[in-house]
1. Restricting to the stretch 304-345, count the residues that are open to solvent by 100 Å² or more (accessible area, probe 1.4 Å), of a type in the set (Val, Ile, Thr) and within 23 Å of SER143 (Cα to Cα).
2. Out of the stretch 1-11, which residues are in contact with a Gly (Cβ under 7 Å, 6 or more places away or on another chain) and either open to solvent by less than 30 Å² (accessible area, probe 1.4 Å) or part of a helix (DSSP H, G or I) (or both)?
3. Among the residues of the stretch 25-47, are any more than 26 Å from CYS187 (Cα to Cα), part of a helix (DSSP H, G or I) and not hydrophobic (A, V, I, L, M, F, W, C)?
4. Does VAL279 satisfy being among the aliphatic types (A, V, I, L, M), closer than 26 Å to LEU153 by Cα, touching a Pro at 6+ places or on another chain (Cβ under 9 Å) and modelled with pLDDT of 90 or more?
5. Within the set of pairs 6+ apart or on separate chains, which have a first residue in the stretch 158-182 that is more than 16 Å from LEU29 (Cα to Cα), a second that is modelled with pLDDT under 90 and outside any loop (DSSP other than H, G, I, E, B), and C-beta atoms under 6 Å apart?
6. Of all the residues that make up the stretch 255-287, how many are under 19 Å from PHE164 (Cβ atoms) and more than 23 Å from the chain's Cα centre (by Cα)?
7. Please state which one of GLU95, GLU100, GLU67 is among the acidic types (Asp, Glu), modelled with pLDDT of 90 or more and open to solvent by 50 Å² or more (accessible area, probe 1.4 Å).
8. Output the residues belonging to the stretch 33-64 that are open to solvent by 50 Å² or more (accessible area, probe 1.4 Å) and among the aliphatic types (A, V, I, L, M).
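The values are calculated or read from the model by the stated rules, or taken from the named source; none is laboratory data. A quick note: this is a predicted structure, and the numbers were derived from the prediction, not measured. Cβ coordinates were reconstructed from backbone atoms using ideal geometry, including for glycine residues, and neighbour counts include every protein chain displayed. Surface accessibility is based on the protein's heavy atoms, side chains included, excluding ligands, DNA and RNA. Shrake-Rupley method; radii C 1.70, N 1.55, O 1.52, S 1.80 Å.
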Amino acid sequence: HSLLEQGVKAQEPVAIWAARSPELVLALLGILKAGASFMILDPSYPSTRLLEMLQIAGPRGLIHLDEAGLLPDELDAWAARVPCRVRLPAFATGETDYAESWGGTLETAPEVEVQPDDVAYVTFTSGSTGTPKCLRGTHRPLSHFMRWYAQALQLTAADRVTMFSGLVHDPLLRDLFTPLWIGGTLCIPDEEALASGRVGDWMNEQEITLLHLTPPLADVLSAGRDRSKGACTALRYAVFGGDSLRPVHLDSIKQLAPQASCVNAYGATETPQIMSWYVVPPDFSSNVEQVPIGQGIDGVQVLVLNDAGQPAGIGELGEIHIRTPYLTQGYVNDEALTSARFLPT
């Protein structure tokens, strides 16, 4: 309601000065329910980089999470020109009486109709040149993925899901929206657990059932664990992504949670969330160099094409292509790159 009253229009981007905190969930849902799209700003990024991203995306609003700290001077100067600003106090401060601030609007849904192909978020990928490339993602691919994911892993409201991903990386959407979709619990490690390397113990204490991680993080989780406290017996799935998965990473998870099933997932910023998956069998050979990426999820075809654009033969080098209706809209203000990467079928 606050965003709408300040003039935010349908699908317009709203930036979030973000932190790994519960208020981030409030900000995301508030933006989506207003029919707008979100763009997350990570305070750990250099101000020059963030300003470059803001200039490309052109957000009309800013939600400032107190937990994220003060804006740098350069960003504060930019924010002074933004027509819509909302502040979200931190839960820890006790300043969370939103009813007092916003009154009866908390009891009524905004009169906004959101369509499946409306823009839900704006994100960036550096690409091979290091120049940030802006992408717009819609609701349809996210909803499709969440529906498939919950069914494929038989997720329920009893599941407890980790949030290890970076604030501006697209896996964050999977980390956040999976527990919201199933009515489960989102578990965010505190800074003490992260700094001390005790994340494995933290997982045990939190009775995590679904772990999202990169392959290198598996070694960190295993190495920093107090083995006297036993295995993470609650863990059902460890879903890998973001890097090549090797047998040594599987071994690290087995040391952490011998009963857990490991899944190798593949996707890209241009193809929101997981596009293919491979459930590692218990008797998987440790002699292979890396774990396969498997086959496409529901509604996705994974192809390996050669330089002529034809299916590569056995032993022939090729490039992975994803055929699916569940893609982002392409690169903002770069029709040439969009035409080169997003090919008609």
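1. Of the residues in the stretch 304-345, 1 are open to solvent by 100 Å² or more (accessible area, probe 1.4 Å), of a type in the set (Val, Ile, Thr) and within 23 Å of SER143 (Cα to Cα).
2. Answer for the stretch 1-11, where residues must be in contact with a Gly (Cβ under 7 Å, 6 or more places away or on another chain) and either open to solvent by less than 30 Å² (accessible area, probe 1.4 Å) or part of a helix (DSSP H, G or I) (or both): LEU3, VAL8.
3. yes
4. In short, no.
5. Filtered contacts from the stretch 158-182: SER165/PRO171; SER165/LEU172.
6. Adding up the residues that qualify gives 3.
7. Details: GLU95 fails: modelled with pLDDT of 90 or more; GLU100 fails: modelled with pLDDT of 90 or more.
GLU67 is the lone residue from the list that is among the acidic types (Asp, Glu), modelled with pLDDT of 90 or more and open to solvent by 50 Å² or more (accessible area, probe 1.4 Å).
8. ILE56, the sole residue that qualifies.
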